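Structure record follows, encoded as structure tokens.
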Amino acid sequence: MDKANKKIVEYIRDNWVVPTNNNSLFATEHNLDEKTVRRIKDDSDYKISLITIMRICEARNLKLAEFFKLMDL
């Protein structure tokens with residue numbers, strides 16, 4: 001499970017958070033707390049919650065199944 005979690009966090013960080021280059025903006029656009037965005041970006045051991053994944057998917061108009069297909073999970 002830790003391996004899947006790490007893969008999810010790295011994908012979100014590398015493909016969506018870092019390119020935005022603004023933690024506050026990403027947080028606002030994805031209905032997240034800025035602290036959560038900082039953890040995704042900076043904490044290599046961050047355990048992302050399902051609700052966080054769901055909020056990000058909702059903001060990006062992705063179904064959870066589509067997101068997990070992106071992850072190859």
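The table below gives the values:
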item	result
Qualifying residues in the range 1-29 (those that are over 18 Å from Leu62 (Cβ atoms) and of a type in the set (Lys, Arg)) - the one surrounded by the most Cβ atoms within 10 Å (Cβ to Cβ)	Lys6
Count of the range 54-72 residues which are at pLDDT below 95, surrounded by 11 or more Cβ atoms within 10 Å (Cβ to Cβ) and not in a helix (DSSP H, G or I)	1
Unmet requirement for Leu32, which otherwise passes all of (1) exposed (fewer than 15 other Cβ atoms within 10 Å of the Cβ); (2) not in a helix (DSSP H, G or I)	(1)
Members of the range 39-53 that are surrounded by 15 or more Cβ atoms within 10 Å (Cβ to Cβ), part of a helix (DSSP H, G or I) and of a type outside the set (Ser, Thr, Tyr)	Arg39, Ile40, Lys41, Ile53
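The values are calculated or read from the model by the stated rules, or taken from the named source; none is laboratory data. This is a predicted model, so every value here is computed, not measured. No Cβ is skipped: glycine too gets one built from the backbone with ideal geometry, and neighbour counts run over all protein chains shown.
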